[in-house]
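Enquirer: One structure follows; several queries about it will come next.
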Amino acid sequence: MDFVFISECEICGKYLEDSKMIVCKECLSKIERVDRFDIERKFEEKFAGGFISKAFSCFHFEENTIVQKLIHEMKYNNKRSIGKILGEILGSSIRDEHDFITADALLPVPLHKIRKRERGYNQSELIALGVSKVIGIKVISDLLVRVRNTQTQTKLNLHERRENVKDAFKVKNKYKDFIVGKKFIVVDDVITTGSTIIECANVLKQNGADKIYALSVAIA
């Protein structure tokens, strides 16, 4: 089987003895982690005056980097296992953070049902599952629902992004009682302006959630 289905590093093409790794240890070690003080300052700017109590990302998202390559492969080329591996890295980075590890549930940013049907999976859910494996907090994939099939945020400015996701999410009725007084971690692949996370947090707070934290693999 190894001879027929040769497993290669997604970044450098090097043969992988462990096919579940997706990328070799050498490439993983080259990914520069964010500086915690720098990341806190950036999130303070993005989430100022909002409902996000704390946020964390592992990496910077920049053009032509290993991180961009991994996230692109995960989202658009059906490389689902990359999501779980990135989630495990993210989970390992916060397992000593009291606020995160005492949350009640991990909530992936939802895809609209049409987009999910086209892609076949929600990349944020894969990341959340990887985080869950490390810190032991359950993933609730259907608590938040995307009710509008919003256009991609990639080429929108800050104002357009906020308008694009406005009223795009709701809490599923069966969780209306459960959500009150709880702490949740909203999980996404990349946080750019923070508009999507902010809108998710707004909906959760309107339904009685206590505190909202944000996690992403990378910050743009």
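The values are calculated or read from the model by the stated rules, or taken from the named source; none is laboratory data. Treat the numbers as computed from the prediction; the structure is a model and nothing was measured. We place every Cβ from the backbone using ideal geometry, glycine too, and count neighbours over all the protein chains shown. Side chains included, ligands, DNA and RNA excluded: accessible areas come from the protein's heavy atoms. Shrake-Rupley method; radii C 1.70, N 1.55, O 1.52, S 1.80 Å.
Enquirer: Being in a helix (DSSP H, G or I), surrounded by fewer than 16 Cβ atoms within 10 Å (Cβ to Cβ) and more than 20 Å from the chain's Cα centre (by Cα) is the filter here, so list the residues in region 10-46 that pass it. Quick ask: steps written out before the conclusion?
Expert: So the first thing to find is which residues in region 10-46 are in a helix (DSSP H, G or I), and the list is 25-29, 36-46.
From what is left, the residues that are surrounded by fewer than 16 Cβ atoms within 10 Å (Cβ to Cβ) are 25-26, 29, 36-38, 40-41, 44-45.
Lys25, Glu26, Ser29, Phe37 - these are the residues of region 10-46 that are in a helix (DSSP H, G or I), surrounded by fewer than 16 Cβ atoms within 10 Å (Cβ to Cβ) and more than 20 Å from the chain's Cα centre (by Cα).
Enquirer: Restricting to region 117-152, give me the number of residues that are assigned to a helix (DSSP H, G or I), more than 19 Å from Asn78 (Cβ to Cβ) and either small (Gly, Ala, Ser) or in contact with a Phe, Trp or Tyr (Cβ under 6 Å, 6 or more places away or on another chain) (or both). Explain how you work it out, then say what you get.
Expert: Let us first name the residues in region 117-152 that are assigned to a helix (DSSP H, G or I), namely 117-119, 123-135.
The next check asks that each one be more than 19 Å from Asn78 (Cβ to Cβ); those that pass are 131-135.
Checking the rest, the ones that are also either small (Gly, Ala, Ser) or in contact with a Phe, Trp or Tyr (Cβ under 6 Å, 6 or more places away or on another chain) (or both) come to 132.
Selection size over region 117-152: 1.
Enquirer: Counting only residues that are within 18 Å of Ile212 (Cα to Cα) and either open to solvent by 10 Å² or more (accessible area, probe 1.4 Å) or not aliphatic (A, V, I, L, M) (or both), how many does region 110-128 have? Before the answer, list the steps.
Expert: Let us first name the residues in region 110-128 that are within 18 Å of Ile212 (Cα to Cα), namely 110, 124-125, 127-128.
Subset that is either open to solvent by 10 Å² or more (accessible area, probe 1.4 Å) or not aliphatic (A, V, I, L, M) (or both): 110, 124-125.
Qualifying residue count for the region: 3.
Enquirer: Let me ask something else. Taking the residues in region 193-203 that are of a type outside the set (Val, Ile, Thr) and under 17 Å from the mean Cα position of the chain (by Cα) as candidates, determine which candidate is most open to solvent (accessible area, probe 1.4 Å). Let's see the steps before the verdict.
Expert: So in region 193-203, the residues of a type outside the set (Val, Ile, Thr) come out as 194-195, 199-202.
Still in the list and also under 17 Å from the mean Cα position of the chain (by Cα): 194-195, 199-201.
On the way: Gly194: 6, Ser195: 8, Glu199: 27, Cys200: 0, Ala201: 0 Å².
Going through the qualifying residues, I end up with Glu199.
Listed here are the residues, each with its yes/no results for (1) under 16 Å from the mean Cα position of the chain (by Cα); (2) open to solvent by 50 Å² or more (accessible area, probe 1.4 Å); (3) on the phi < 0 side of the Ramachandran plot; (4) at pLDDT below 95.
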position	(1), (2), (3), (4)
Gly136	no, yes, no, no
Val147	no, yes, yes, yes
Lys155	no, yes, yes, yes
His159	no, yes, yes, yes
Asn164	no, no, yes, yes
Ile179	no, no, yes, no
Ile191	yes, no, yes, yes
Asp210	no, yes, yes, no
Val217	yes, no, yes, no
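Enquirer: Examine region 89-111 for a residue that is at pLDDT 95 or above, small (Gly, Ala, Ser) and assigned to a loop (DSSP other than H, G, I, E, B), and state whether such a residue exists.
Expert: Within region 89-111 (the criterion being at pLDDT 95 or above, small (Gly, Ala, Ser) and assigned to a loop (DSSP other than H, G, I, E, B)), the answer is yes, since at least one residue qualifies.
Enquirer: Return the total of residues in region 47-80 being within 22 Å of Val139 (Cα to Cα), outside any strand (DSSP E or B) and open to solvent by 50 Å² or more (accessible area, probe 1.4 Å).
Expert: Within region 47-80, residues that are within 22 Å of Val139 (Cα to Cα), outside any strand (DSSP E or B) and open to solvent by 50 Å² or more (accessible area, probe 1.4 Å) number 4.
Enquirer: Here's something else I'd like to know. Give region 166-177 a look and list any residue that's in a loop (DSSP other than H, G, I, E, B) and at pLDDT 90 or above, or say none. Spell out how you get there, then give the answer.
Expert: Start the filter on region 166-177 by keeping residues that are in a loop (DSSP other than H, G, I, E, B), which leaves 166-168, 172, 176-177.
Of everything in region 166-177, those that are in a loop (DSSP other than H, G, I, E, B) and at pLDDT 90 or above turn out to be Lys172, Lys176, Asp177.
Enquirer: Could you please find all residues in region 18-40 being modelled with pLDDT of 85 or more and either out of contact with any strand residue (DSSP E or B) (no Cβ under 9 Å at 6 or more places or on another chain) or under 13 Å from Lys54 (Cα atoms) (or both)?
Expert: Glu26, Cys27, Asp35, listed by residue number.
Enquirer: Pairs only if they're at least six apart or on different chains, beta carbon under 6 angstrom, first in region 116-130 and over 10 Å from Ile82 (Cβ atoms), second part of a loop (DSSP other than H, G, I, E, B) and of a type outside the set (S, T, N, Q); list them, first residue then second.
Expert: Cβ pairs passing all conditions: Asn122/Leu111; Ser124/Val109.
Enquirer: Got at least one residue in region 64-73 being within 16 Å of the chain's Cα centre (by Cα), modelled with pLDDT under 90 and charged (D, E, K, R)?
Expert: yes
Enquirer: Of the residues in region 195-220, how many are farther than 20 Å from Glu163 by Cβ and part of a loop (DSSP other than H, G, I, E, B)?
Expert: 4
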